[in-house]
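For reference, the structure discussed in these notes is given below.
Nothing in this text is a laboratory measurement; each read-out follows from the coordinates by a stated rule. Since we're looking at a predicted model, the values are computed, not measured. Every residue, glycine as well, gets a Cβ built from its backbone with ideal geometry; the counts of neighbours run over all protein chains shown.
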Amino acid sequence: MAEEVLIWQALNRALDELMAADEDVFILGEDVGLYGGSYRVTEGLYAKYGEWRVRDTPISEDSFTGLGVGAALMGLRPVVEIMTVNFALLALDAIINMAAKVPFMSGGRLPMGLTIRTPGGVAKQLAAQHSQRLEHTLMNVPGLRIVVPATPQDAYWQLKQAVLSDEPVIVLEHELLYFHKGPLDPTAPPPPPHRAVVRRPGRDLTLVAYSKMAVLAGQAAERLAEQGIEAEVIDLRSLSPIDWQTCVDSVARTHRVLIVEEDCRFAGAGAEIAADLTERCFTQLEAAPMRLAGLDMPTPYNGTLEAQTIPQVDDIVAAAHRLVKEAS
Amino acid sequence: MKQPIIMPVLSDTMEVGRLVRWLKKPGDPVKKGEVIAEVESDKAVMELEAFSDGWIAGPLAPEGSEIAVKQVIGWIADNPEEAKGEAAPTETAPEAAAEPAPPPEKPAPPPPEEQAPAAAPPPPKEAPKPPPAPAEAPPPPPPPQATAPSPGGTVSPVVTAALEPRRPASGGITPLARELAAELGLDPDTLPAGADGVVRAGQVLAAALTAPAPDLSHNPPHQVELPSALRWKVALNMQRTTDTPMFRVTTTADLRPLRDFAHEGEWSLTLLLARACALALTAHPLFNQAWTPKGLARFERIDIGIAMDIGEGLVTPVLRDMAGRPLEELAEDWRILKDKTQRRRLRPEDYEGATFYLSNLGTFPGVRQFDAIVPLGSSAILAVAAADAEGRTALTLSCDHRVVFGADAARFLDTLVTRLKQPETLVKP
């Protein structure tokens, strides 16, 4: 039975169930214990499972992420919370050189059941150093898996699938989606963690998006429908690997693709998506894929300027109109 | 407050209407329902009524201009002062369109609250607040800002960045269009391009489906003139029938008894012919069907369309329920339809949707025999030629072979000819 929950509640529930089921699952990070996590995701778990399994760490991203790598090597299932993706930069050695490569370098003999949860994206006026989209950095690391849930259901499923996976998985959460509400049915069978889904069918163009932009793309599609344009909305759900087939099937129907991302346009996630879809769908395209992305600049603190650096629903609607008009 | 008067949509296919004349001028008072202008569609001149009480206000679209449907052609004001005043700068002056223009696609700018940047909703008030923020926790959200522009307004930098590399999108052919052209065996170099010079799938499909344009380079010098809207419409309708597999069966009948009967009873001969067809249809309901891509449409009523020459073209006013109503009633309908046709006042419901058609060229004594084209939406049309010296008249039935077969047509004509010999049976259904 589906109930309406917030995304942080879905994540919290997934962690609770994982910890109850398997003693090898433990959490570590800054403020995850007594404080309950800066976005409440670990709320209540410290009281329930104790300080041994819900471990507060000092501000030392590379160290506690390294600790998680070591624990995973020993066969445990650590869930590392990095308070925001911006601080993951400090832990890139553990993530890139260790977590991503050790299973390969050991010929598959050393397991890496590591899960890293980290919020990212542009929230509200957190300024340049706290409003980064680093998916392009992480996507560029062979061996890492990246999931980007946009709904409570996916947050619940994908976190569980990540923890149960023997590959290192980054669960990239969006700071503005924690209080996003939606149905959660824990009994429904989950799709594979890296499969994309068509959130809304349409015939005129395909909107490819992920995380918060998938939510905005859905809202834009509703408005476009009122204006006579039927947009198909694809939520990628995963950035590594990417489920190309769902995108290719859609482009074969619509012949036009608009990629919407919060990541910076230059060498961002959308650049990869556009290039790959062009290769895969070349003869199906009526226009070059269009990318609507964050501006290639550090995010300004000023709220008005900040909002202008990343796509808004109006921008998606306007770009969709241009693309459909251009290619008709 | 002024409310716009718009060019009405008078039929499904109407894209543009001609403003024949205004019956009011700015400042004139009008009552709701009062006729204020005449507007011409594909086939008819229609009266445009005021939708509310008020005073006509300018600027009014010029008489004689072609205007896209749903475009503003004038205004109705609440009070006479406003009606006399100049148009406010925000109002769009009505524009005459030389060509059919699509209705404006850009929506009005959304209300201000929708212009705030879209973001996840803030946490509900009743939910417990997170504990006090540590150094790195986010500050409370700022008040909503008016930022992202609407599609109709200035373009945001995010959209500009997306459009910038696409600027020189002129010429060439899209990958999809190239593949389609190859599949359809068309030379991409000969395909017509769209307005931006790019050949897209739509142009390829249109080229594949359209009959080739004649090459007039070796013909005598000539000028190209646009035909009337009516001629366009007829041409388009006829071209659409090219996929109908058609056959014709001809018989002859002695129409003298019918002619005498019509003369005595002061009936219209065409009306009696249509009635005879309708009664033959009741005996052969196969003919009261139409082929559609989804299957056969069986009509529950017999509606006969009668082809009428109106000088510069052809229309087909329709007599409804031709087999189920008294002949007197049908005669009155026919009188009204003929009158409307002559005054070009037919509405789409007057000339569309027949289940069987009749075309009578019997008034041209030289026409010995001809066949007509079955319009879409029906399965047969009867062509009536002129009588010869012995009073014998050729009747040719054109049929859609997907719906009926040759023997069906022969049986139908047999019944029809029998009916025509006994015109008195046409009075009662």
Inset, instruction - As a check on your grasp of the helix formula, calculate [θ] at 222 nm for the protein assembly as shown: sum -39500 (n - 2.57) over DSSP H runs of n ≥ 4, divide by the residue count, round to the nearest 500. - result: -8500 deg cm²/dmol
Legend entry - For peptides A:9-20, A:257-268, sequence by mean Cβ density within 10 Å, most packed first: A:257-268, A:9-20
Legend entry - region A:212-271 - charge dipole about Cα centre, Lys and Arg +1 at Cβ, Asp and Glu -1, debye rounded to 20: 120
Legend entry - Along principal axes, Cα extents of region B:232-376, largest first, whole Å: 46, 36, 33
Legend entry - Shielding by partners, peptide A:281-288 (average Cβ within 10 angstrom, other chains): 6
Legend entry - Cα pair count fraction exceeding 39 Å, expressed as % - chain A: 12
Inset, instruction - List the residues whose amide H sits under 5 Å from the amide H of residue B:199, counting only those 5 or more places along or on another chain, with H placed 1.01 Å from N in the peptide plane. - result: B:172, B:173, B:174, B:194
Legend entry - Rg/Rh for region B:298-429, where both radii come from Cα atoms and Rh is the Kirkwood radius: 0.95
Inset, instruction - Find the all-direction average of the projected area of the Cα convex hull for region A:1-128, expressing the result in square nanometres with one decimal place. - result: 9.2
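Any idea what the dipole of chain A comes to, in debye rounded to 20, about its Cα centre with Lys/Arg Cβ at +1 and Asp/Glu Cβ at -1?
On the way: 28 positive and 43 negative charges, 76 e Å.
For chain A, the charge dipole is close to 360 debye.
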Inset, instruction - About the Cα centre of region A:13-146, how large is the charge dipole given +1 on each Lys and Arg Cβ and -1 on each Asp and Glu Cβ? Please answer in debye to the nearest 20. - result: 360
Inset, instruction - Per residue of A:316-323, count partner chain C-beta atoms within 10 Å of its C-beta, then hand back the mean as an integer. - result: 6
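What FRET efficiency, computed as 1/(1 + (r/R0)^6) with R0 = 35 Å and r the Cβ-Cβ distance, is obtained for residue B:183 and residue B:218, rounded to the nearest 0.05?
Numbers: r = 32 Å, r/R0 = 0.92.
According to the calculation, E is roughly 0.60.
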Inset, instruction - Would you tell me the mean number of C-beta atoms belonging to other protein chains that fall within 10 Å of each C-beta in A:301-313, as a whole number? - result: 6
Inset, instruction - Give the angle, between 0 and 90 degrees and rounded to the nearest 10, that separates the Cα long axis of helix A:313-326 from the longest principal axis of the Cα atoms of chain A. - result: 40
Inset, instruction - Send over the Kirkwood Rh of the protein assembly as shown, from the inverse of the averaged 1/r over different Cα pairs, rounded to one decimal Å. - result: 31.9
Legend entry - Placed amide H near residue B:49: partners under 5 Å, 5+ positions off or other chain: B:36
Inset, instruction - Subtract the Cα-Cα distance of residue B:296 and residue B:427 from 0.36 nm times their separation in residues, and report this length gain in nm to one decimal. - result: 44.1 nm
Legend entry - Restricting region B:263-349 to GluC sites (Glu not before Pro) in coil, as DSSP defines it, with at most 12 other Cβ within 10 Å: B:266, B:300, B:312
